[in-house]
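The block underneath contains the structure these notes are about, expressed in structure tokens.
The values are calculated or read from the model by the stated rules, or taken from the named source; none is laboratory data. Computed from a predicted structure; not experimentally measured. Every residue, glycine among them, receives a Cβ derived from its backbone with ideal geometry; neighbour counts consider all protein chains shown. All accessible areas refer to the heavy atoms of the entire protein, side chains included, with ligands and DNA or RNA removed. Shrake-Rupley method; radii C 1.70, N 1.55, O 1.52, S 1.80 Å.
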Amino acid sequence: MSVREHLPPIGYAGRIGRVRRRATDLGFDGVLVTDLIDIRWLTGFTGSSGTLLITPDRAVFVTDGRYRDRAADEFAASGAEADIVAGFTKLEQQQRLDDAARNLSKIGASAASIDHESWTRLATRLPIAPITTIVADERRTKDEGEVARIELAAEFADAALAEVAPLLGDGLTEADVRTELEYRMRRHGADGPSYDTIVASGPTNAARPHHEPTDRLIVEGDTVVIDVGALVDGYHSDMTRSYVIGEPTAQQREIYDLVLTAQLAGLSAVTAGRRAAAVDTACRTLFEGAGYRDWYLHSTGHGVGLQIHEDPYESPVSEQTLVAGDVVTVEPGLYRVGFGGFRVEDLVEVESDGCRVLTQSPKDTPCLPSPPTT
């Protein structure tokens, strides 16, 4: 029996209604949803072509012939209540959409999801106006089924890393490690990697937070940063662990211990009701006090869900507040060309009195783990 059969269902019921009510409160009698991630959250549709129109009394999903039957199956599985209308050509799809919107006077649409040229064309046919990111706002709070899938994705990444990390000193390149991690995540049950896996090694590559793996051989003395996540039913996980090949130097131990201390301080700062910027401050203050301000090259974390980067963002300038049900990363790091770098990242669920850590790979030392027993 597949482990996914035990996952709780995702709560699609009521999502369209919640968005409809929020739009009505803002003075709109319709919502045009064009972002496929938003459409998936609302309906369960996983295809690559479609537009959802939410009206006061119905929802209409317009797609092409390739996805008519697939949409019907996925809507039935999710329980999303929407009429599915297929058009063979783009013109036919436009006509179906125009017909559904005929009696609407003000349709909200996200300008961030529609390019300027498309917006201009739409505005000649439909009474569209910019609306706040109401779907993205609703998506922030994850339900039980969503958290369960994110947690399972984290388990798959943990399992793959436990198998691959002990091999780092065995003559592998960065690209070899990347390929092994992605292969093993799939073998454990993931749909694939959550993003392009980062394997960064040595005094130059490990100093680049978003380095792309190369054929550089990982050698004795290297710091190695591995940023890896898995995908389950569209939901992402995200984790970083860092290592030293061989015996760490005194400087490597000092900087790793500082990064880990900052990461634990960031975790302690995560709780519902606290400003997201406070998580960043908890980490950044430690780095600045230790004289490493210029070694910290990015913000401390971000939300994770159907997108690998989504609200809320834990940055120095964030004005967002953490809420129970957010799933966020805490990932401070220090980087310097000539030294390399370290980053430690956990994925956590925000709770009313703190957070629950979803990633379980060891992080108490930069030394390589022993191979898993079988």
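Among the listed residues Ser370, Ser268, identify the single one that is out of contact with any Cys (no Cβ under 6 Å at 6 or more places or on another chain), under 30 Å from Thr141 (Cβ atoms) and open to solvent by 20 Å² or more (accessible area, probe 1.4 Å). Quick ask: steps written out before the conclusion?
Working: Ser370 fails: under 30 Å from Thr141 (Cβ atoms).
Sole residue among the options that is out of contact with any Cys (no Cβ under 6 Å at 6 or more places or on another chain), under 30 Å from Thr141 (Cβ atoms) and open to solvent by 20 Å² or more (accessible area, probe 1.4 Å): Ser268.
Checked across segment 35-44, the condition of being of a type outside the set (Gly, Ala, Ser), closer than 20 Å to Ala76 by Cα and free of Cβ contacts under 8 Å to residues at least 12 places away in the same chain holds for no residue.
Among the candidates Thr34, Thr24, Thr89, which residue alone is among the hydroxyl-bearing types (Ser, Thr, Tyr) and within 23 Å of Gly234 (Cβ to Cβ)?
Numbers: Thr24 fails: within 23 Å of Gly234 (Cβ to Cβ); Thr89 fails: within 23 Å of Gly234 (Cβ to Cβ).
One residue alone meets the criteria, Thr34.
Residues considered: Val317, Val328, Val323. Of these, the only one that is aliphatic (A, V, I, L, M), at pLDDT 95 or above and in a strand (DSSP E or B) is Val328. Does segment 96-109 contain any residue that is in contact (Cβ under 8 Å) with a residue 24 or more places away in the chain, over 19 Å from Glu138 (Cα atoms), open to solvent by 40 Å² or more (accessible area, probe 1.4 Å) and in a helix (DSSP H, G or I)? Yes, that holds for at least one residue. Residue-level check: of (1) surrounded by fewer than 21 Cβ atoms within 10 Å (Cβ to Cβ); (2) closer than 23 Å to Asp326 by Cα, Asp227 misses just (1).
Remark: Thr271 matches the filter, which requires a residue to be outside any helix (DSSP H, G or I) and among the polar types (S, T, N, Q). Within segment 167-182, the set of residues being assigned to a loop (DSSP other than H, G, I, E, B) and aliphatic (A, V, I, L, M) comprises Leu168, Leu172. Test Thr55 against the criterion of being open to solvent by less than 20 Å² (accessible area, probe 1.4 Å), touching a Leu at 6+ places or on another chain (Cβ under 7 Å) and among the hydroxyl-bearing types (Ser, Thr, Tyr), and give yes or no. Yes, satisfied.
Can you tell me which of Asp280, Asp196, Asp215 is surrounded by 24 or more Cβ atoms within 10 Å (Cβ to Cβ) and either charged (D, E, K, R) or assigned to a loop (DSSP other than H, G, I, E, B) (or both)? Before you say what the answer is, go through the steps one by one.
Working: Asp196 fails: surrounded by 24 or more Cβ atoms within 10 Å (Cβ to Cβ); Asp215 fails: surrounded by 24 or more Cβ atoms within 10 Å (Cβ to Cβ).
It is Asp280.
Across segment 10-46, the qualifying residues are those that are modelled with pLDDT of 95 or more and within 16 Å of Glu144 (Cα to Cα), and the one among them that is surrounded by the most Cβ atoms within 10 Å (Cβ to Cβ) is Leu42.
Cβ-Cβ distances below 8 Å connect the following pairs, each with a first residue in segment 212-233 that is without any contact (Cβ under 8 Å) to a residue 24 or more places away in the chain, a second residue that is not hydroxyl-bearing (Ser, Thr, Tyr), and a separation of six or more residues or different chains: Glu212/Asp196; Glu212/Ile198.
Step by step: first the residues of segment 110-155, then only those that are out of contact with any Pro (no Cβ under 8 Å at 6 or more places or on another chain) and hydroxyl-bearing (Ser, Thr, Tyr), then the one that is most open to solvent (accessible area, probe 1.4 Å). Which residue is that? Steps first, please.
In the first step, residues of segment 110-155 are kept if they are out of contact with any Pro (no Cβ under 8 Å at 6 or more places or on another chain); the result is 112-139, 141-143, 146-147, 149-155.
Checking which are hydroxyl-bearing (Ser, Thr, Tyr) leaves us with 113, 118, 120, 124, 132-133, 141.
Working: Ser113: 46, Ser118: 30, Thr120: 69, Thr124: 112, Thr132: 79, Thr133: 67, Thr141: 69 Å².
Top of the filtered list is Thr124.
The residue that is surrounded by the fewest Cβ atoms within 10 Å (Cβ to Cβ), counting only those in segment 337-355 that are among the β-branched types (Val, Ile, Thr) and not in a strand (DSSP E or B), is Val337.
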